[in-house]
Amino acid sequence: MRGFLALGGLLGLIQTASIIGFAWFVSVLVTGAIAGQSLAELSGSFAALAAMVLLRAFTVWAMDAASAAGAARVKSQLRVAVLAGIRKLGPSWTQRRGSAATATLVGPGLDALDGYFGKYLPQLILTAIATPLLVLAIFLNDWLSALIVALALPIIPLFMVLIGMATQAVQRKQWDSLQHLSGSFLDVVGGLATLKIFGRERRQLARIRTVTDSYRTETMKVLRLSFLSGFVLELAGSLSVALIAVTIGLRLLDGQLTLAVGLFVLILAPEVFLPVRNVGAQFHAAADGMAASAEVFEVLELADAIPADAAAAAAAPAQARGPLRLDGVSVHRGDRLIVDGLSAEFEPGTLSVLAGQSGSGKSTVLAALLGFVPSAGEITLGDGPLTRTEIAWAGQNPALGSGSVAGNIALGSALAEGTPERVRLIEASMRLAAASGIDPEHELGVNGAGLSGGQAQRVALARAFYRWQELGTPVLLLDEPSSALDAETEARLLGSLRAAADAGAIVIVVSHREAVLAAADRVLWLETVHVD
Amino acid sequence: MLIENASLGPAAPIAAQATTADARDVLRHAQPGPRRFAPGLFFALLSAISAVALLACSAWLIARAAEQPQLAYLSAAVVGVRAFALGRAAFRYVDRLASHDAAFRQLAELRVAVFQRLIPLAPAGLARTKRGDLLSRLVSDVDALQDLPLRVVQPLLVSGVIAVLSVAGVWIVLPQAALTLLVCLVVAFAAGTLLHAAIAARAERRLAPGRGALMQQLLDFIGSLDVLLAFGAVDERLQELNRTDAALRRDGVRASLGAGLAASAMTFAAGIATLLAILVGAPVLEGPQLAIVALVPLAVFEVCGMVPLAVGAWRQVRTSAERVARIAPAAVPSGIPVEPASGDQTAVAPAAESDAPRPEAPAIVLNGLSARWPDLGGRDPSLAPGVALEGISLTVAPGERVLVRGESGAGKTTLANVLVRFLDYEGGFTLGGREAKAMAPGELRRTIGLCEQNPWIFDSSLRQNLLFAREHATDAELTAMLERVGLGEWAGSRGGLDAELGERGALVSGGQAQRIALARALLADFPVLVVDEPTANVDAAQADALMRDILSATSSADAGAARSVILISHDAVPAELVDRELVLSAGRLVSTGGL
């Protein structure tokens, strides 16, 4: 970052020098020609002018390249850091924040930084360097023109701030209605099938027209003010150029000034206003990037406050097996107490069912076992604390990713793709999950798109069975495993769970289905925690 | 089986058969007509002319003043300088207002045109995505097309006209200087765009798919973070993400280098144009004229500096237009029933608008019916066609309540889509003896209604979400209906019919959305009602109650003859609630037993 600013500063300096040099040699050449010098006499100045042109073109390119590279680097660094932060914050945080919103922040949100680093910041650097130097160059030749520029310059930020404040008030007032109006087309397009069912689709054509029209009216109200800031910028710039031209002209008439100075100042005057204008033009692009980076820094701060995840670093599953014990486990979500001092013991070889009303904290108990939510009390397996490497889990949401079905099932597997052992385990797992009818080579889209709800659920179950078989995890946790399955498939799944228990696993299933309750060795009923 | 849990990566290919003609048609709708476009263009031209004239006039003024003539000879130039300075800013302000207003007006036309294309396609002709990601991208693409008049056509036209006018103006002073200016302009335009294309085009083309891939991996990573943690696969995914990000970074830098080169070429050409003008003008021109030809190129190139930006904007606009054309092709793909072209909408008003009691439900007879989804041509898995139906024969007597049961992937939703004619069929399908194909789909949908698996909740009040099913219903009728579908208490706690339901029904649970959809269907009073997987997005614990409420609400006594109900579900329902149960498997009816 500091390197980028230094490089940008240096390039800005060179660019300013080339601008001054260009103006100088143009005025020298024009006055020389008027004074009757021959082309041969002027050849040195022509060469110098060409050099200035080349130098300016080069710095324009170099500034662009440097800022693009800088923007990309900063963006990547932030992206890597925020992903590490998200990992630390964990799934309960991403669910609360919304995964789509979080993905948008890390993806397109950070891309908006291009506007800030790539376009806004270079112009800001240029403004800081070029503007005072150009004013100084004018001052050294003609103090009156420098005074005009120096008086006009502060008007620009002043008016921009004033107008910005005025528009902000208007925008705040209209923001809700604007948001609503701009979202309305999406609402109608999304609900098109529903509208067709009720024969209302054609009627929307007129509505789209009227709503878009009121969107236009409302937006134009805002724009009339917003564009004023651009107007002030242009006006300050062009009026001071005009004023300088006229005063120079009048003083030339009196012979108080030479033509060379007059031309030099006239060429430089518009250049003084150029960087400020560009900063104004890039301001909105920058604002988006600023907003995104502010959000990213919030996430990073949150993540920094969390101690490093020690449990995740634990080694291979403990070989010593014993019962899974919960001793006075309590879980809060925000201010709400969800699980209140739960104590229970699960022996290897048993199939247990957690049942209870929705909201009684069944899934929260599993999240506590997995360490996704902080919990009070003790959770132990045999002699030591329970770690994630000892659990095979299938949650309520299948959470499949893009890639093949087989790739999804063997998630996190140490076995290389294509090894016979892996193929065998995938097949066995799909059989256990009653998913044999699904093609393991079938390619899924993002979030497992391309499977029906029931199919996705069975693939997620197969994934848990795969882990259980490959690592021999002592604990198998399944959350509502049969909610999207028909009775026959459910029965086959229950057979698999029984087999897993018989093989020595601690099987814990969250379910309210009759068939699952009937198959259990024991049922734990959870009561909703009522707070007085 | 309609695939519901799909969402697309941002750059997923939609269909192969998109034609450039289709995209051109979309672009035509995005560009305002001459009458609407002219005011903005006119003022933009005046502003640009003022900018060039300001510098030319100032140069002349100074150079002439150096010759120390009478003040009177300069007064016209003094007035001109001030007028052009004012004009440049004022005309620009008017131009921006006029051209934005025109672009917004055109947006209404464009939206209507795109919506008209979508009407025959929805829902079976559109990719099936749960969260409407595809559609929200379509909508933002449509909005992005506003850039066509604002950032492409107008800047290009203004630059072109200014280039021609300036060359002509300089020609009057000195033809040789005009020629050098012309050459510099042409070289700058060509070099700017060609250099850019040579360096950045390939990288730029990779950018959109790269961003799509990154977004897809991000959604996978964040959406499945719990699973990745539980399965110890986080590091592997993070590395993959970082690789994608690095590739994207390289392409992004390369694309900006190209854009930077184009800008640099413009700067270079502007300087060289000044140099050449002095070179050819110095031996032959008087002072004031020489000052003009030396300084005018600077102003001209400032105006024409918009060209590389406009070319870049054009690439984006074209991509958006292509995507819109691909998602919403003008030609309806085969397999989607086509609505007759008659614009006679009054004939399609739902039956509910009349106060007459519901007519008797017609007998529905399917005879050897088969149906398949249109192939939308993409290789994206979420676009894979749904399950086809084969040889379905089924009779639903008036007033009968039939459960069609089947596993996921059995073709249940295909059947629902065929029954309301969202999807075409082969074989026989009659209502009360009339062949369904002989009726306009809109007409058929007055008789057969559907409660969708994912009913759309409009971002509006509860009242508005019900009223469109029966426009003249009173609040009392609506409240009674909410009571009937089991939403009475909930609506009361939310503040009644004025309760806002949020964007995409954000404030409504899956079960409540189903009940609202049911209330709509009952308000519209369809004689035949198809209910598609009402419990698919409902908390398992509440599914049973919902199913029971739906079946009792559809049968509770109201005016008119008994309603036929075709309930589609993967779950069994209590026997007393339905008359008959059928089982669908792999696109075929395997049992048609009674209960």
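The values are calculated or read from the model by the stated rules, or taken from the named source; none is laboratory data. Keep in mind it's a predicted model, so treat the numbers as computed, not measured. So basically every Cβ, Gly included, is an ideal-geometry build from the backbone, and we count neighbours across all protein chains shown. SASA here: full protein model, heavy atoms, side chains in, ligands and nucleic acids out. Shrake-Rupley method; radii C 1.70, N 1.55, O 1.52, S 1.80 Å.
Being within 11 Å of another protein chain (Cβ to nearest Cβ), buried (at least 17 other Cβ atoms within 10 Å of the Cβ), at pLDDT below 85 and assigned to a helix (DSSP H, G or I): is that true of A:Ser229 here? It is true that A:Ser229 is within 11 Å of another protein chain (Cβ to nearest Cβ), buried (at least 17 other Cβ atoms within 10 Å of the Cβ), at pLDDT below 85 and assigned to a helix (DSSP H, G or I).
Kindly indicate whether B:Ala247 is of a type in the set (A, V, I, L, M), more than 9 Å from every other protein chain (Cβ to nearest Cβ) and under 30 Å from B:Gly223 (Cβ atoms).
Yes, satisfied.
Being closer than 23 Å to A:Val509 by Cα and acidic (Asp, Glu) is the requirement here; does A:Glu441 meet it? So A:Glu441 fails the test.
This table checks each residue for (1) modelled with pLDDT of 90 or more; (2) more than 18 Å from B:Met215 (Cβ to Cβ); (3) surrounded by fewer than 19 Cβ atoms within 10 Å (Cβ to Cβ).
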residue	(1), (2), (3)
A:Asp64	no, yes, no
A:Arg73	no, yes, yes
A:Arg79	yes, no, no
A:Ile86	yes, no, no
A:Gly90	no, yes, no
A:Arg97	no, no, yes
A:Ala103	no, no, no
A:Gly109	no, no, no
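Considering the stretch A:419-441, the residues that are within 36 Å of the chain's Cα centre (by Cα) and among the β-branched types (Val, Ile, Thr) include one that is modelled with the highest pLDDT, namely A:Ile426. Here A:Glu234 clears all of (1) more than 9 Å from chain B (Cβ to nearest Cβ); (2) open to solvent by 10 Å² or more (accessible area, probe 1.4 Å); (3) within 30 Å of A:Phe25 (Cβ to Cβ) except the condition numbered (1). In the stretch A:19-49, of all residues being over 14 Å from B:Ala294 (Cα atoms) and touching a Gly at 6+ places or on another chain (Cβ under 8 Å), the one that is nearest to the other protein chains (Cβ to nearest Cβ) corresponds to A:Leu42. Inspection of the stretch B:108-116 finds a residue satisfying the criterion of being open to solvent by 40 Å² or more (accessible area, probe 1.4 Å) and in contact (Cβ under 8 Å) with a residue 12 or more places away in the chain. Could you list, in sequence order, all residues of the stretch B:487-529 that are under 19 Å from B:Arg401 (Cα atoms) and among the small types (Gly, Ala, Ser)? Within the stretch B:487-529, B:Ala517, B:Ala519, B:Ala521, B:Ala524 meet the criteria.
Scan the stretch A:86-107 and tell me whether some residue there is in contact with a helix residue (DSSP H, G or I) (Cβ under 6 Å, 6 or more places away or on another chain), in contact (Cβ under 8 Å) with a residue 24 or more places away in the chain and small (Gly, Ala, Ser). Checked against the condition, which is being in contact with a helix residue (DSSP H, G or I) (Cβ under 6 Å, 6 or more places away or on another chain), in contact (Cβ under 8 Å) with a residue 24 or more places away in the chain and small (Gly, Ala, Ser), the stretch A:86-107 yields no hits at all.
Within the stretch B:309-343, the set of residues being part of a helix (DSSP H, G or I) and open to solvent by 30 Å² or more (accessible area, probe 1.4 Å) comprises B:Leu309, B:Val311, B:Trp314, B:Arg315, B:Gln316, B:Arg318, B:Thr319, B:Glu322, B:Arg323, B:Arg326.
Looking across the stretch A:177-219, the residues that are polar (S, T, N, Q) and more than 18 Å from B:Gln464 (Cα to Cα) come down to A:Gln179, A:Ser182, A:Thr212, A:Ser214, A:Thr217, A:Thr219. Considering only the stretch B:486-507, state which residues are outside any helix (DSSP H, G or I) and either open to solvent by 50 Å² or more (accessible area, probe 1.4 Å) or over 18 Å from A:Ser184 (Cβ atoms) (or both). Correct list: B:Gly486, B:Leu487, B:Gly495, B:Ala499, B:Glu500, B:Ala506, B:Leu507.
Every residue, every condition in (1) within 19 Å of A:Leu300 (Cβ to Cβ); (2) at the interface with chain B (Cβ under 10 Å from one of its Cβ atoms); (3) under 24 Å from the mean Cα position of the chain (by Cα), yes or no:
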position: A:Leu83; (1), (2), (3): yes, yes, yes
position: A:Ala112; (1), (2), (3): yes, no, yes
position: A:Leu121; (1), (2), (3): no, no, yes
position: A:Ile125; (1), (2), (3): no, no, no
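Looking across the stretch B:500-522, just one residue is within 9 Å of chain A (Cβ to nearest Cβ), over 13 Å from B:Glu452 (Cβ atoms) and of a type outside the set (Asp, Glu), and that is B:Arg504. Only one of the listed residues (A:Ser67, A:Ser45, A:Ser27) is among the hydroxyl-bearing types (Ser, Thr, Tyr) and under 28 Å from B:Ala246 (Cβ atoms). That residue is A:Ser67.
Scanning the stretch B:548-595 for residues that are modelled with pLDDT under 85, within 14 Å of chain A (Cβ to nearest Cβ) and open to solvent by less than 40 Å² (accessible area, probe 1.4 Å) turns up B:His570, B:Asp571, B:Val573.
Within the stretch B:333-345, the presence of at least one residue that is within 30 Å of B:Arg206 (Cα to Cα) and within 26 Å of the chain's Cα centre (by Cα) is confirmed. None of A:Val276, A:Val265, A:Val296, A:Val241 is at pLDDT 80 or above, under 30 Å from B:Val234 (Cβ atoms) and buried (at least 17 other Cβ atoms within 10 Å of the Cβ) except A:Val296. Is it the case that the stretch A:195-203 has a residue that's more than 7 Å from chain B (Cβ to nearest Cβ), modelled with pLDDT of 90 or more and touching a helix residue (DSSP H, G or I) at 6+ places or on another chain (Cβ under 9 Å)? Yes: the stretch A:195-203 contains one or more residues that are more than 7 Å from chain B (Cβ to nearest Cβ), modelled with pLDDT of 90 or more and touching a helix residue (DSSP H, G or I) at 6+ places or on another chain (Cβ under 9 Å).
Checking each residue in the stretch B:345-369 for being surrounded by fewer than 17 Cβ atoms within 10 Å (Cβ to Cβ) and at pLDDT 90 or above picks out B:Asn367, B:Gly368. If only residues of the stretch A:209-225 that are under 16 Å from A:Met160 (Cα atoms) and either open to solvent by 30 Å² or more (accessible area, probe 1.4 Å) or facing chain B (nearest Cβ under 8 Å) (or both) are counted, the one that is modelled with the lowest pLDDT is A:Leu225. Taking first residues from the stretch A:237-251 that are more than 7 Å from chain B (Cβ to nearest Cβ) and partners that are β-branched (Val, Ile, Thr), the Cβ contacts under 6 Å between residues at least 6 apart in sequence or on separate chains come to A:Ser240/A:Ile148; A:Ser240/A:Val149; A:Leu243/A:Ile148; A:Ile244/A:Ile148. For the stretch A:371-382, the criterion of being touching a Ser or Thr at 6+ places or on another chain (Cβ under 6 Å) and either under 17 Å from A:Ile506 (Cα atoms) or among the polar types (S, T, N, Q) (or both) is met by none of the residues. Does B:Arg64 fit the bill of being at the interface with another protein chain (Cβ under 9 Å from one of its Cβ atoms) and either outside any helix (DSSP H, G or I) or open to solvent by 30 Å² or more (accessible area, probe 1.4 Å) (or both)? So B:Arg64 fits the description; yes. Every condition in (1) free of Cβ contacts under 8 Å to residues at least 60 places away in the same chain; (2) open to solvent by less than 30 Å² (accessible area, probe 1.4 Å) holds for B:Ala480 except the one numbered (2).
Any residue in the stretch A:86-94 that is within 10 Å of another protein chain (Cβ to nearest Cβ) and in contact with a Lys or Arg (Cβ under 7 Å, 6 or more places away or on another chain)? Looking through the stretch A:86-94, none of the residues is within 10 Å of another protein chain (Cβ to nearest Cβ) and in contact with a Lys or Arg (Cβ under 7 Å, 6 or more places away or on another chain). Among the residues of the stretch B:71-89, the ones that are basic (Lys, Arg) and either crowded, with 21+ Cβ neighbours inside 10 Å or at positive phi (or both) come to 1 in all.
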